[in-house]
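Read-outs throughout are calculated quantities, based only on the coordinates presented, and are distinct from any laboratory measurement. Please read all numbers here as calculations on a predicted model, not as lab measurements. Cβ atoms come from the backbone with ideal geometry, glycine included; neighbour counts cover every protein chain shown.
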Amino acid sequence: MSKLTLISLVLLGLGLALWAGYAAQGSYVDEDGILQEPFHLLALGWLFVLAGGFTLVGALVFGIIKKWRTPK
């Protein structure tokens with residue numbers, strides 16, 4: 001497993017953990033009628049998942065190019 005693949009899997013794992021934290025913490029309306037929710041966890045989760053997905057695609061492309069350029 002290449003370092004780039006490992007980095008992408010870590011990013012994806014962090015994103016999923018942030019989503020799980022958002023789901024576990026939940027949201028509620030306080031006594032003033034204001035919605036209280038950990039929106040930052042949702043946004044950061046998307047950021048990490050997208051970064052991990054793009055990194056994983058990049059790692060796969062680099063791996064295919066490396067195998068294609070290697071003489072047989």
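Annotations for the structure displayed:
- Rounded to 10°, Cα long-axis angle of helix 3-25 versus longest principal axis of the chain: 10
- Restricted to Cα atoms, the chain shows a radius of gyration and a Dmax of 18.3, 70 angstrom.
- Here the dipole of region 3-69 is about 1020 debye; that uses its Cα centre as origin and unit charges on the Cβ of Lys and Arg (positive) and Asp and Glu (negative).
- Take each peptide in 48-55, 18-25, count the other Cβ atoms within 10 Å of every residue, and average; sorted highest first, the result is 48-55, 18-25.
- Fully extending the segment from residue 7 to residue 36 would add 7.2 nm, taking 0.36 nm per residue of separation and subtracting the current Cα-Cα distance.
- Projecting the Cα positions of 41, 52, 63 onto the charge dipole of the chain (unit charges on Cβ atoms of Lys, Arg, Asp and Glu, taken about the Cα centre) puts 63 furthest along the positive direction.
- Mean residue ellipticity (222 nm) of the chain, computed from DSSP H runs ≥ 4 via -39,500 (n - 2.57), nearest 500: -27000 deg cm²/dmol
- Nearest-ten-degree value, helix 39-69 long axis tilted from longest Cα axis of the chain: 10
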